[in-house]
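Reading through the structure tokens given below for one structure.
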Amino acid sequence: MDLRNKLSKGTTIESFNDVKLKYKVNKYIGKGSFGSVFEVKRAKDSKIFAMKVIPLTGSHHKRPNEMIFREEATRLMQVGHHLHIMELVDVASFDKYGALIMECATEGSLLNVYYRLSKEHHAALSQRVAYEMTEALHCIHSQDPAIVHRDLKPDNILVFLSGTVQKPCYLFKLADFGISKTVDDGEEDPALRIVSEPMSGRAYAPYRAPETAKRLGAKHPRGYESKADIYSLGVVLAQIHNNAVGSDESPSLYNIPTKAVPLVKAMLTHDPSKRPSAQDCKKYSWYKEGAAVVIHKVTNGSKEGDNLGKSMQRLSIE
């Protein structure tokens with residue numbers, strides 16, 4: 001059954017945690033290969049959220065759908081509130097579906113902001129993304145057990161507003177933990193450093209770290225899972241400077257500012273044992289300078305059109 005018929009405008013969804021807390025469907029946003037996303041309004045205060053709806057029956061790539069739903073919700077709850085990570089606000093269930101109620105990215109994805117900004121502001125964008133996404137990765141990699149995102153790419157860096165009403169500025173948050181995994185990167189016994197699934201899973205190929213390019217089911221040394229996320233961030237930063245955000249092009253250091261090269265080059269190191277951790281990335285000047293960068297909202301139109309629709313629909317696993 002098409003969820004758009006089941007969840008038409010005005011349909012009420014009750015919170016799993018509090019039946020008195022209700023959400024009303026505003027509109028359908030989009031559908032991925034696994035779930036659908038709707039815009040909903042919380043009844044008590046009319047605040048707008050995104051609701052990711054996941055079927056609880058069946059399976060996806062041999063993983064039970066209910067397990068996928070529970071794992072994503074658990075990881076978001078594990079992280080809790082972090083300024084640069086998409087926050088899980090509530091959960092709901094109805095019929096044979098589960099729903100994650102999350103913040104709504106009013107400004108779309110990194111791709112939308114990239115096209116809105118003039119080229120002269122791309123360096124500042126790179127600094128800010130380097131800072132905020134390093135903060136996000138350090139947070140999830142520092143959990144116990146560590147969380148590895150495994151799908152960091154422009155589509156999963158969503159954009160919000162902070163600052164003041166008169167001078168709003170962009171705020172970036174890491175989103176979509178649908179194929180994330182928990183691991184123990186700190187395992188000291190080499191004999192135990194073996195897993196049976198590639199670190200990157202089904203992540204989008206252009207952003208996969210070299211060590212993750214093993215076929216599904218192959219074994220690989222354990223201990224560097226979180227370093228794969230660092231490589232993915234390096235690709236994103238390189239793309240910002242090379243007019244290639246969201247493309248399938250291989251990362252290049254060609255147009256990268258001199259001050260950015262040390263960090264981006266380190267992130268793109270092929271050997272994960274020599275690639276910096278998120279904590280190590282904080283030692284680089286490009287990250288440090290990014291902490292002070294402010295990028296005010298641009299009011300001109302984006303080439304990407306409907307920012308909300310084109311970004312929030314990607315909350316579904318692709």
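The values are calculated or read from the model by the stated rules, or taken from the named source; none is laboratory data. Keep in mind the model is a prediction, meaning the values are calculated, not measured. Quick reminder, even Gly has a Cβ in these numbers, built from the backbone with ideal geometry, and neighbours come from all protein chains shown.
Numbers at a glance
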quantity	calculated
Neighbours by Cβ (under 8 Å, 6+ apart or cross-chain): first from the range 1-30, over 18 Å from CYS104 (Cβ atoms); second assigned to a loop (DSSP other than H, G, I, E, B) and not hydrophobic (A, V, I, L, M, F, W, C)	LYS6/ASP95
Check on LEU152, under 13 Å from the mean Cα position of the chain (by Cα), crowded, with 24+ Cβ neighbours inside 10 Å, part of a helix (DSSP H, G or I) and of a type outside the set (Val, Ile, Thr)	no
Verdict on LYS52 being surrounded by 14 or more Cβ atoms within 10 Å (Cβ to Cβ) and touching a residue at least 24 places away in the same chain (Cβ under 8 Å)	yes
Residue satisfying all of: in the range 55-77; farther than 23 Å from SER8 by Cβ and among the hydroxyl-bearing types (Ser, Thr, Tyr); surrounded by the fewest Cβ atoms within 10 Å (Cβ to Cβ) among these	SER59
Unique match (being at pLDDT 85 or above, under 28 Å from LEU125 (Cα atoms) and assigned by TED's automatic domain parsing to the domain that holds SER277) among TYR170, TYR204	TYR170
Restricting the range 1-28 to residues that are modelled with pLDDT under 90 and of a type in the set (A, V, I, L, M, F, W, C), the residue that is nearest to ASP176 (Cα to Cα)	LEU3
Only listed residue being small (Gly, Ala, Ser) and modelled with pLDDT of 90 or more, chosen from SER250, SER302, SER311, SER277	SER277
